[in-house]
Amino acid sequence: MRIMTFNLRFANPLDGPNQWDFRKDLVVETILLYRPDLLGTQEGTVPQLEFLTRQLPEYQPLVEHRDVDRTCQYPTIFYRTAVFDAKNSAEFWLSKTPDEHRSKSWDSAFPRMVTYGLFREKGRDLWFWFADTHLDHISEQARLEGSRMIREFFLTQERPLILAGDFNEPPDAQVYRQLLGSGSNLLDTWRALHPVSEERPTQHAFDGKPRGSRIDWILVTPPFRVRQVAIIDHNREGRYPSDHFPYMAEVDY
């Protein structure tokens, strides 16, 4: 089973030659080239998500639960309908009032959320959570409190979990320790196969030159076993689909 997390970069006209209209086909090309079974995107505006839905007929966006607000950037799950059954989809805002639309707390620069659903591979018995999130890029406290909410919600339930997203912190910082620390059975798919000395950034400035740190993660609980991982640098003659490298993990169980 292939899982991909992909920060799309929102449709920002200030990006000039790297704005959405000039790279949207390359985003689709990248997804189709690697063909993840489960895809978690971040920063997608509603028109971007609608474009992907039209261009990826093999995939279904998990949005039945969503009261769409066209001013929002949404973390959004896409899944291959030939591979998965899905149910019980929902989302909540990472704030003190998680049911309040566009709510934010702890000096978060933007409203942040987690979206999720229960999935089962067709022909198999195991139902598991797949969750997708994007933590705040400014407020350390908002990231820490948001990760605490995610941990408390999912790890108290008797279901396996795959958690993907842009966590806006490097491994071993507070969010990482919150999610993978004492009492957690989450595993970092990258670290499952790579030592600490082989860290690689997942950001760049649309030029493919890695900068910053590895902030895009896929975390899993048992019974998932990590088989392969890849930070994807697919480009077309030096044009990249986003300012993040998509990250993909292959797991079995």
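When residues in segment 88-102 are screened for being in a loop (DSSP other than H, G, I, E, B), within 20 Å of the chain's Cα centre (by Cα) and among the hydroxyl-bearing types (Ser, Thr, Tyr), 1 of them pass.
If the condition is being among the aromatic types (Phe, Trp, Tyr) and either farther than 16 Å from LEU144 by Cα or in contact with a Phe, Trp or Tyr (Cβ under 7 Å, 6 or more places away or on another chain) (or both), then segment 170-202 contributes only TRP190.
The single residue among VAL226, VAL220 that is among the β-branched types (Val, Ile, Thr) and in contact (Cβ under 8 Å) with a residue 40 or more places away in the chain turns out to be VAL220.
In segment 182-189, the condition of being surrounded by 20 or more Cβ atoms within 10 Å (Cβ to Cβ), under 21 Å from TYR34 (Cα atoms) and touching a helix residue (DSSP H, G or I) at 6+ places or on another chain (Cβ under 6 Å) is met by no residue. Taken over segment 104-123, the criterion of being assigned to a loop (DSSP other than H, G, I, E, B) and either touching a residue at least 60 places away in the same chain (Cβ under 8 Å) or of a type outside the set (A, V, I, L, M) (or both) is satisfied by LYS104, SER105, TRP106, ASP107, SER108, PHE110, PRO111, ARG112, LYS122, GLY123. State whether the residues of segment 124-136 include one that is at pLDDT below 95 and either part of a loop (DSSP other than H, G, I, E, B) or over 20 Å from VAL63 (Cα atoms) (or both). No.
The lone criterion from (1) more than 22 Å from LEU161 (Cβ to Cβ); (2) outside any helix (DSSP H, G or I); (3) without any contact (Cβ under 8 Å) to a residue 40 or more places away in the chain left unmet by LEU14 is number (2).
When residues in segment 227-247 are screened for being within 14 Å of TRP190 (Cβ to Cβ) and surrounded by 23 or more Cβ atoms within 10 Å (Cβ to Cβ), 3 of them pass.
The values are calculated or read from the model by the stated rules, or taken from the named source; none is laboratory data. Given the structure is predicted, the values throughout are model-derived calculations rather than measurements. All Cβ positions, glycine included, derive from the backbone under ideal geometry; neighbour counts span all protein chains shown.
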